[in-house]
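One structure is given here, and the rest of the page talks about it.
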Amino acid sequence: MTHRPDIGRLLALLEPVRVLDAYSCIGGAAKGYRRAFGNCHITGIDIQAQPDYYGDAFHQGDAIEYIRAHGHEYDFIHASPPCQGEGAPTKGTNKARNAAIGRTYPRLIAPTRAALESTGRPYVMENVPGSEVRKDIRLCGEQFGLAVLMHRYFELGGWTTAQPAHPKHRGYVRGWRHGEYREGPYVAAYGEGGGKATVEEIRAAKGIDWSTDHLRLREALPPAYTEWIGRAFLAAAPLLELGAAA
């Protein structure tokens, strides 16, 4: 990649920034990058069909294989490996239970990181607390005035930025917890029943208005997170020649 002084931001305006959205789900991340980059072309890759995908193009297939084969063709890569094999619910005391019922989850963070690093392109890898992503940035819905908390960590590859302030939470997440029902300013955008969020509540809380798929809405990142990440990237790498991937 060639660097030419003072043209990075201009290229971002003149040529579409090519973004790869790996493990894309319905494209919550893609929506945020669209807001941040403006003139961009976003390609999603996911092992499952995503008829509601928000971006410009979509490929169904293995994300790691696609990154290895095509990642170098993009200016910026976002990856959100499935969290089921990474967070606390599948570790510790639950590990034996999952094994006993035959439930296994792939551990995808390390091989995804290796694939991302092989491209030589700047990247972000996102996952849940308790995962093995490097904890470069932590984002929370309260930072953006959202009705979900949804703490997520972001590993930054090839660039860096400062951690934003994490404001105090305004109250509880609505629903049952430890046998007690609590009201609160946040909804639980995971699971079903027990006061957890409905489809319409998740759409409103996350700022996602293009899908009504309950499961995928629960899994999707709020676009506000990746809008912040994208703007931070542009500020951190103003001379990067976006639009000129090898």
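The values are calculated or read from the model by the stated rules, or taken from the named source; none is laboratory data. Please read these numbers as outputs of a predicted model, since none were measured by experiment. Because the Cβ atoms are built from the backbone with ideal geometry, glycine has one as well, and the counts that use them run over all protein chains shown. The protein model used for the area step is the full one, side chains on, heavy atoms only, and it has no ligands, DNA or RNA in it. Shrake-Rupley method; radii C 1.70, N 1.55, O 1.52, S 1.80 Å.
Given the residues Gly230, Gly207, which is the only one that is within 26 Å of Val19 (Cβ to Cβ), in contact with a Pro (Cβ under 8 Å, 6 or more places away or on another chain) and of a type outside the set (Lys, Arg)? Step through it out loud before you land on a result.
On the way: Gly230 fails: in contact with a Pro (Cβ under 8 Å, 6 or more places away or on another chain).
Step by step, each of Gly230, Gly207 is checked, and only Gly207 is within 26 Å of Val19 (Cβ to Cβ), in contact with a Pro (Cβ under 8 Å, 6 or more places away or on another chain) and of a type outside the set (Lys, Arg).
Quick one: how many residues across the stretch 40-53 are open to solvent by 60 Å² or more (accessible area, probe 1.4 Å) and either farther than 21 Å from His214 by Cβ or in contact with a helix residue (DSSP H, G or I) (Cβ under 6 Å, 6 or more places away or on another chain) (or both)?
Total satisfying the criteria: 1.
Kindly indicate the residue of the stretch 174-221 that is touching a strand residue (DSSP E or B) at 6+ places or on another chain (Cβ under 6 Å) and small (Gly, Ala, Ser) and also surrounded by the fewest Cβ atoms within 10 Å (Cβ to Cβ) among those meeting that condition.
Of everything passing the filter in the stretch 174-221, Gly194 is surrounded by the fewest Cβ atoms within 10 Å (Cβ to Cβ).
Looking at Arg138, Arg113 in this structure, which one is modelled with pLDDT of 95 or more, among the basic types (Lys, Arg) and in a helix (DSSP H, G or I)?
Answer to the check: Arg113.
Quick check on the stretch 210-233. Is at least one of its residues assigned to a loop (DSSP other than H, G, I, E, B), charged (D, E, K, R), farther than 30 Å from Ala110 by Cβ and out of contact with any Ser or Thr (no Cβ under 6 Å at 6 or more places or on another chain)?
no
Restricting to the stretch 105-140, what's the tally of residues that are of a type in the set (Gly, Ala, Ser) and more than 20 Å from Ile47 (Cα to Cα)?
4
Would you tally the residues in the stretch 142-173 being of a type in the set (D, E, K, R) and surrounded by fewer than 18 Cβ atoms within 10 Å (Cβ to Cβ)?
Of the residues in the stretch 142-173, the ones of a type in the set (D, E, K, R) are 142, 152, 155, 168, 170.
Pick out the ones that are also surrounded by fewer than 18 Cβ atoms within 10 Å (Cβ to Cβ) and you get 168, 170.
The number of residues fulfilling the criteria is 2.
Here is a yes/no grid of residues against (1) charged (D, E, K, R); (2) modelled with pLDDT under 80:
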residue: Tyr23; (1), (2): no, no
residue: Ala30; (1), (2): no, no
residue: Arg34; (1), (2): yes, no
residue: Ile45; (1), (2): no, no
residue: Ala63; (1), (2): no, no
residue: Tyr66; (1), (2): no, no
residue: His72; (1), (2): no, no
residue: Thr90; (1), (2): no, yes
residue: Arg97; (1), (2): yes, yes
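When you scan the stretch 155-178, do you find a residue that is within 25 Å of Gly55 (Cβ to Cβ) and over 18 Å from the mean Cα position of the chain (by Cα), even just one?
No: the stretch 155-178 contains no residue that is within 25 Å of Gly55 (Cβ to Cβ) and over 18 Å from the mean Cα position of the chain (by Cα).
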